[in-house]
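This report refers to the structure that appears directly beneath it.
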Amino acid sequence: MREINGKTRTSGLIGNPVEHTMSPMIHNFLAEELGIDMTYVPFHVEKGALDTAVKGAYSLNVLGCNVTVPYKSDVMESLVALDDIAEKIGAVNTLVRVEGGYKGYNTDITGLLRALKSEGIVLENEEVIVLGAGGVGRAVAFMCAVNGASKVYLLNRTIEKAEHIAEEVNCKVGTQCVEAWRMEEYDKLPDKKYLVIQATSVGLFPKVDEVVLEDEAFYKRVKAGYDLIYTPWETKFMKLVKKQGGQAYNGLKMLLFQAVDAFELWNECKVPDESAYKAYELLQQAVTKR
Ligand code: ATR
């Protein structure tokens, strides 16, 4: 166990609830592994206390924080600067200490990009289907558009939400690559194989028998399926992708790399692949034990 002393820097997670987070495990492991004198703790912040919590953290010399539900948008008002992508997405999950306060970043998205890359998936010139047009689907659509996807088909049960996001992303990124589609109209998409990112909460434990699209015909068009869910380890979406011969991935690497990106920002360091992989093994053990 690492010793906490007068020089130890503190970081943590602002959210509500925070009791089930795996972030302390990842960050404290990385600190130990890299010999960095930093500790990471959960900060349960009550509704209405977000701004005082952020300002208080700064006064307490806290090095940086992650931010989770329900504060990823609200926290932006308490920051002194915003990274470009985080500003466009309208959500922040990482605060980095700068002069006078914190700068907000979105490492959920950079982490997802890194997770995809680690599986050999590149977005450049790729036609991508994104399932879901909630806050997460919106951020994923942004990520795909910003990183050179040639087409992003944003499929949602409620078409209006997808249309709204498509318009916003195209406008902010200066592209026309995002198209809104009704979920059930997937069969009208050009008949080819796609990378599909599952960005809804459908299928999340304990409702493991649910999936946004049941039709086998849809899965015949999936060459790779990336589910942002990681509990259960293999979602129904992933099972359906595999059944039709596609590659399927869960969202645990996204969780890993959003943490690695935040850790690197706070400590101005590069986490070696080998250390990231060890942290991933820890996470995998924790998730499969749950
Ligand atoms: P988040 O901000 O985490 O993305 P959200 O805003 O509640 O969460 O969005 C959830 C997404 O899952 C939405 O795209 C939602 O579709 P609607 O916009 O039509 O509501 C989608 N979703 C949730 N339950 C669904 C279901 N049973 N079938 C299809 N889509 C579903």
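The values are calculated or read from the model by the stated rules, or taken from the named source; none is laboratory data. Keep in mind that what you see is a predicted model, and the values were worked out from it rather than measured. In this analysis, Cβ positions are derived from the backbone assuming ideal geometry, glycine residues included, and neighbour counts consider all displayed protein chains. Side chains included, ligands, DNA and RNA excluded: accessible areas come from the protein's heavy atoms. Shrake-Rupley method; radii C 1.70, N 1.55, O 1.52, S 1.80 Å.
Are there any trypsin sites (Lys or Arg not before Pro) in region 9-87 that are in a DSSP loop and have at most 15 other Cβ atoms within 10 Å? List them by number.
Hits after loop and neighbour filter: 47.
Shape of region 82-157 from its Cα gyration tensor (a ≥ b ≥ c, root eigenvalues): rounded if a/c is under 1.5, otherwise prolate when a/b > b/c, or oblate?
The shape class here is prolate.
Can you tell me the orientation of helix 252-267 relative to the chain, as the angle in degrees between its alpha-carbon axis and the longest Cα principal axis, to the nearest 10?
40 degrees
Subtract the Cα-Cα distance of residue 171 and residue 99 from 0.36 nm times their separation in residues, and report this length gain in nm to one decimal.
So the extension gain works out to 22.7 nm.
Just the number, please: percent antiparallel of the DSSP beta bridges in the chain, rounded to the nearest 5.
About 20 percent, rounded to the nearest 5.
Any idea what angle helix 135-146 forms with the longest principal axis of the chain, computed on alpha-carbon atoms, 0 to 90 degrees, nearest 10?
For 135-146 against the chain, the angle is about 80 degrees.
Between residue 81 and residue 220, what FRET efficiency follows from the Cβ-Cβ distance if R0 is 35 Å, with the result rounded to 0.05?
Plugging the Cβ-Cβ distance into 1/(1 + (r/R0)^6) gives 0.15.
If R₀ is 30 angstrom, what is the calculated FRET efficiency for the pair residue 268 and residue 4, using the beta carbon separation as r and rounding to 0.05?
Efficiency, from the Cβ-Cβ distance: 0.90.
What is the helix-to-structure angle for 159-173, meaning the angle in degrees between its Cα long axis and the longest Cα principal axis of the chain, kept from 0 to 90 and rounded to the nearest 10?
Roughly 60 degrees between the two axes.
If you line up the Cα atoms of the chain on their principal axes, what length do they span on each, largest first, in Å?
62, 39, 32
If you roll a 1.4 Å probe over the heavy atoms of the protein chains, what accessible area per residue do you get for region 249-290, in Å²?
So region 249-290 comes to 48 Å² accessible per residue, rounded to a whole number.
With all pairs of different alpha carbon atoms counted, what Kirkwood hydrodynamic radius in Å does region 163-290 show?
16.7 Å
How long, wide and thick is region 90-206, going by the Cα atoms along their three principal axes, in whole angstroms, largest first?
Per principal axis, max minus min of the Cα coordinates gives 52, 39, 30 Å.
Simple spin-label model, 7 Å along Cα-to-Cβ: residue 117 to residue 192 in nm?
2.4 nm
In nanometres, what is the gap between the two model label sites at residue 20 and residue 158, each 7 Å from Cα along Cα-to-Cβ?
2.4 nm
Which three extents, in angstrom, do the Cα atoms of region 1-122 have along their principal axes, listed largest first?
42, 37, 30
Given contacts defined as C-alpha pairs under 8 Å and at least six residues apart, what's the relative contact order of the chain, whole-number percent?
Dividing the mean separation by the residue count of the chain yields 15 percent.
Where only protein heavy atoms count, and the probe is 1.4 Å, what is the accessible area per residue for region 101-166 in Å²?
36 Å²
Can you give me the % of accessible surface on region 1-114 that is carbon or sulfur? Probe 1.4 Å, all protein chains present, nothing else counted.
55 percent
How high is the relative contact order of region 72-151, in percent, counting Cα pairs under 8 Å that sit 6 or more residues apart?
Worked out over region 72-151, it gives 24 percent.
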